Amino acid sequence: MRKIFFTIVAMALLSFNVSADESKGAAIRSALSALNSQVPIVAVADAQFPGLYEVTLASGEKLYVNEAGSHFVVGEIYKVQSDGRLVNLTEEGKKEDRIAQLAAIEPQDMIVFPAIGETKAHLTVFTDTDCFYCRKLHKEIAQINERGIEVRYLAFPRAGAGSKTHRVMDSIWCADKADQQALFTKAKSGQAIPSLSCDNSPVMSQYALGQKMGVTGTPALVLQNGTLVPGYMPAAQLAKMLGVAN
């Protein structure tokens, strides 16, 4: 499927020409218009790589298109710093996108375990109530909070829509706000919770957001700077990564 998709992209780009009275960004959009129903274009901007334009698709994927529209690159762009270090420019752009996307989520749609005392950092976690390492991380929630770290949970039922985990997570997110923390912790310990449903459950929209951000498994940690870190991390190591002194 991926191969077919990029074949179509290539055909669209080969038909692209920049006219004198048309901006390059508009022309690139025009060249890719045949794909709009499948992968709508979110943005076209100058890339940080000379001579290329960055096209962001609704899927979160990025294409790098040349000015003539005759070639494109799918992948990551790196810059060599003066000290010889490599900086992943594509990932830096994704970090900014993740920060903006998380900022748009209503606080009431998250299950938040606040820091104890001064809040020194916060962490967003895409989680599944059944996965082993998600449960292991949550067992350390008190240690994490005691270090001044606020944890904001978002739903990511790995088995997808209609799964048992989806139903359990719906029951948590549809409960009264005052009960959500307790139900969440109970489900994380493997205990049964009352079955609930509601029309405004954010569970599957959060699942879709996680996929767009590049989440493929749980737990998936998103740091304050937008960095996506897959997998479990002990409380002490997590604090160190967030720059919080033990």
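Just so you know, all these numbers are worked out from the coordinates, no wet-lab data involved. Computed from a predicted structure; not experimentally measured. Cβ atoms come from the backbone with ideal geometry, glycine included; neighbour counts cover every protein chain shown.
Going by average Cβ neighbours within 10 Å, how do the peptides 108-118, 211-221 rank, with the highest at the top?
The most tightly packed comes first, giving 211-221, 108-118.
Say the cut-off is 20 Å between C-alpha atoms; which of Lys120/Lys212; Lys62/Lys94; Lys139/Lys164; Lys136/Lys188; Lys164/Lys186; Lys136/Lys240 go over it?
Pairs exceeding 20 Å: Lys120/Lys212; Lys139/Lys164.
Got a sec? How would Asp176, Asp83, Asp170 order by Cβ neighbour count within 10 Å, fewest to most?
Least crowded to most crowded, the residues run Asp83, Asp176, Asp170.
Just add up the charged neighbours of Thr165: K/R +1, D/E -1, any other residue whose Cβ is under 14 Å from the Cβ of Thr165.
Computed value for this residue: +2.
What ranking do Ser205, Ser82 get, fewest neighbouring Cβ atoms within 10 angstrom at the top?
Starting with the residue having the fewest Cβ neighbours, the order is Ser82, Ser205.
Please give the length that would be gained between Lys177 and Val80 if that part of the chain were fully extended, namely 0.36 nm times their separation in residues minus their C-alpha to C-alpha distance (nm, one decimal).
Stretched out fully, the Lys177 to Val80 stretch lengthens by 30.1 nm.
As a footprinting exposure proxy, order Cys198, Cys134, Cys174 by other Cβ within 10 Å, with the fewest listed first.
By the 10 Å Cβ count, ascending: Cys198, Cys174, Cys134.
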